[in-house]
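Have a look at the structure below before the remarks.
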Amino acid sequence: WKPDIIVTMAKGVLIPARLLSKRLSVSKILSFGVSFYNEKNEKTSTPIIYQNLESSLPFLVDKNVLIVDDIADTGDSLTYCIKHLKKIGINVNNIKTCCLFLKQKSNVIPYYYFDTLNDDIWVYFPWE
């Protein structure tokens, strides 16, 4: 399996996604923005999509899609991105996930990840 396109979770993982795209010879990166907090930093009952992939559908159809995130903390961002891709018609068999780190409490285990972290660990990346 080789990705044709990378979908990065907006903001936190743009730099690692760019590095992966270079290493994997993937020419296109799309960004998906979802937040579980409002502008007052309060948890919302439903996710807020502020960057969707509908306008990029021609780049996604019949392609192998690699979703890249920095940390699978709860797994909610990955889950919601996969649901969004399925909703716009992308075959779930063409989707794989990749994270730098996986926290133990995550409800999603990425297909690829570098290491597992205890739930109480807070990670500061150099690009933040």
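The values are calculated or read from the model by the stated rules, or taken from the named source; none is laboratory data. As the structure is a prediction and not an experimental result, all values here were calculated from the model. Because the Cβ atoms are built from the backbone with ideal geometry, glycine has one as well, and the counts that use them run over all protein chains shown. Quick note on the areas: whole protein, heavy atoms, side chains included, nothing else; ligands and nucleic acids left out. Shrake-Rupley method; radii C 1.70, N 1.55, O 1.52, S 1.80 Å.
In percent, what relative contact order does the chain have, based on Cα pairs under 8 Å that are 6 or more apart in sequence?
22
What part of the accessible area of the chain, given as a whole %, is carbon or sulfur when the probe is 1.4 angstrom?
Of all accessible area on the chain, carbon and sulfur atoms account for 52 percent.
222 nm [θ] for the chain, helices only, -39500 (n - 2.57) per DSSP H run of 4+, per residue, to 500?
-6000 deg cm²/dmol
Give a quick list of GluC sites (Glu not before Pro) in region 1-93 that DSSP marks as loop, anything other than H, G, I, E or B, with at most 10 other Cβ atoms within 10 Å.
Of the GluC sites (Glu not before Pro), the ones in loops of region 1-93 whose Cβ has at most 10 other Cβ atoms within 10 Å are 39, 42.
Under the rule that an exposed site lies in a DSSP loop and has at most 12 other Cβ atoms within 10 Å, name the longest stretch of the chain with no chymotrypsin sites (Phe, Trp or Tyr not before Pro) of that kind, not counting the sites themselves.
Longest gap between qualifying sites, sites excluded: 2-121.
How much accessible area per residue does the chain have, counting only protein heavy atoms and a probe of 1.4 Å, in square angstrom?
On a per-residue basis, the chain sits at 61 Å².
Can you list the HN-Hα couplings for region 118-128, worked out from phi with the Karplus curve (6.51, -1.76, 1.60; θ = phi - 60°), rounded to whole Hz and with x for Gly and Pro?
Karplus values, whole Hz, x for Gly and Pro: 5, 5, 8, 7, 10, 9, 10, 8, x, 8, 8.
Might you report the magnitude of the Cβ-based charge dipole of the chain about its Cα centre, with Lys and Arg at +1 and Asp and Glu at -1, to the nearest 20 debye?
Here the size comes out at about 440 debye.
Which pairs, out of 11/105; 40/63; 28/83; 2/40; 43/87; 11/40, put more than 29 Å between their alpha-carbon atoms?
Check vs 29 Å cut-off fails for 40/63; 2/40.
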